[in-house]
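Presented below is the structure to which this report refers.
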Amino acid sequence: MPPPCQPVALVIGASRGIGRQVAIDLASNGYTVVVAAKSSAPIDPSAPFPPDPNSPASTITTVEREILNNGGQATAIPVDTTDPTSIQDLVSKTIEKHQTLDVLIYNPGAIWWASIQDTPLKRYQLMHRVNSEGLYTSIQYALPYLKRSTHGGRIIVVSPPIYSRFFRGKTAYAMTKVAMSVLTKGLAMDLEREGRRDMAISSIWPAVSIESAATKQFTKKDPNFARDLRTPAIFSDAIFAMLKAPANMVNGELLLDEDFLRKHGDVTDFSKYSVIPGSEPRRIMPVELPDLRVKEQDDEGMRHDSAKERTSKI
């Protein structure tokens with residue numbers, strides 16, 4: 001049982017790569033971490049840890065053991081993000097085990113980068129279920145508990161800023177990821193309307209490609225590709241900085257890891273994050289992103305609420 005004052009973070013998509021690093025770093029910084037993903041394995045305390053944290057051998061079970069071995073608090077709970085019942089069960093088990101939920105980090109991602117013509121419908125549907133629908137479902141079940149958090153509930157989503165170049169050559173994927181960013185913007189407005197100044201939802205995306213299971217396919221084809229990669233530590237450091245920031249600073253923001261650390265994390269030297277020492281990884285994100293607000297930002301006109309209308313008719 002964690003100390004009463006220790007915040008609880010649920011990291012979905014934490015079996016390897018970025019999610020694993022985030023879970024381990026949060027645990028080392030005083031969080032009790034629920035490590036959730038589809039991949040699990042039998043517990044074998046004597047087994048060596050996977051030498052490659054991006055390989056299928058890295059599971060929520062091995063990540064949990066890494067955290068416990070280093071003196072942290074962790075619980076591994078399997079989840080299938082395409083199954084709403086599985087997500088509901090994950091949140092219920094988290095509350096049953098730890099009595100509270102203070103942080104939700106949604107990291108799972110299904111990827112298929114191709115034109116619309118070359119993206120099978122089943123592949124699009126899978127991306128939608130894992131990416132946008134999985135996030136929506138996770139928030140639906142977690143939000144009531146996050147609103148009760150004494151630490152101020154926080155949600156961090158791995159999704160991109162919204163800009164046109166992101167759609168090129170991967171429209172189906174972009175549709176599911178940008179939907180997650182729209183959710184970030186929309187829920188942030190809901191929280192503001194409710195006067196929840198202690199809460200925040202934010203999105204984060206890498207400014208430079210990060211070493212992960214997804215990028216392994218490129219380094220296998222061309223080992224020089226690693227020169228354009230950073231370690232997951234930069235993403236984890238940025239997330240921790242976002243959690244420490246005031247809620248009104250990050251609520252509704254679609255952030256880039258490098259830019260946030262430079263501006264709010266006092267980081268000026270990013271060379272420590274390069275996978276290949278001495279390399280200068282290429283930035284993949286625009287230097288300047290569009291402002292999504294309009295001049296009539298505060299003029300909604302007559303606001304319609306379907307939920308209230310339905311309740312009044314019952």
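The values are calculated or read from the model by the stated rules, or taken from the named source; none is laboratory data. Nothing here was measured: the structure is a model prediction, and the numbers come from that model. All Cβ positions, glycine included, derive from the backbone under ideal geometry; neighbour counts span all protein chains shown.
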For this session: Using the structure shown, decide if residue 172 is in contact with a Phe, Trp or Tyr (Cβ under 9 Å, 6 or more places away or on another chain), farther than 23 Å from residue 16 by Cα and not in a loop (DSSP other than H, G, I, E, B).
Result: yes
For this session: Return only the number of the condition from (1) on the phi < 0 side of the Ramachandran plot; (2) surrounded by 12 or more Cβ atoms within 10 Å (Cβ to Cβ) that residue 252 does not satisfy.
Result: (1)
Exercise. So which residues in the stretch 149-171 are in contact with a Pro (Cβ under 7 Å, 6 or more places away or on another chain) and of a type in the set (Phe, Trp, Tyr), if there are any at all?
Worked result: 163, 166
Problem set entry | Failed condition for residue 275, given (1) of a type in the set (A, V, I, L, M); (2) closer than 14 Å to residue 206 by Cβ; (3) within 19 Å of the chain's Cα centre (by Cα) | (3)
For this session: Filter the stretch 114-132 down to residues that are out of contact with any helix residue (DSSP H, G or I) (no Cβ under 6 Å at 6 or more places or on another chain) and in contact (Cβ under 8 Å) with a residue 24 or more places away in the chain and give me whichever is surrounded by the most Cβ atoms within 10 Å (Cβ to Cβ).
Result: 130
Seminar exercise, completed: Taking the stretch 219-235 and keeping residues modelled with pLDDT of 90 or more and either touching a Phe, Trp or Tyr at 6+ places or on another chain (Cβ under 7 Å) or closer than 19 Å to residue 55 by Cβ (or both) leaves 226, 229, 230, 231, 232, 233, 234, 235
Exercise. Restricting attention to the stretch 175-204, which residues are outside any loop (DSSP other than H, G, I, E, B), surrounded by fewer than 20 Cβ atoms within 10 Å (Cβ to Cβ) and either β-branched (Val, Ile, Thr) or out of contact with any helix residue (DSSP H, G or I) (no Cβ under 6 Å at 6 or more places or on another chain) (or both)?
Worked result: 175, 182, 185, 186, 189, 190, 192, 193
For this session: List every residue pair whose Cβ atoms lie under 9 Å apart, where the two residues are 6 or more positions apart in sequence or sit on different chains, the first residue falls within the stretch 278-290 and is touching a residue at least 60 places away in the same chain (Cβ under 8 Å) and over 18 Å from residue 263 (Cα atoms), and the second residue, located anywhere, is aromatic (Phe, Trp, Tyr) and surrounded by 14 or more Cβ atoms within 10 Å (Cβ to Cβ).
Result: 281/270; 281/273; 290/163
Exercise. Going through the stretch 232-249 one residue at a time, which ones are free of Cβ contacts under 8 Å to residues at least 60 places away in the same chain and more than 13 Å from the chain's Cα centre (by Cα)?
Worked result: 234, 241, 244, 245, 246, 248, 249
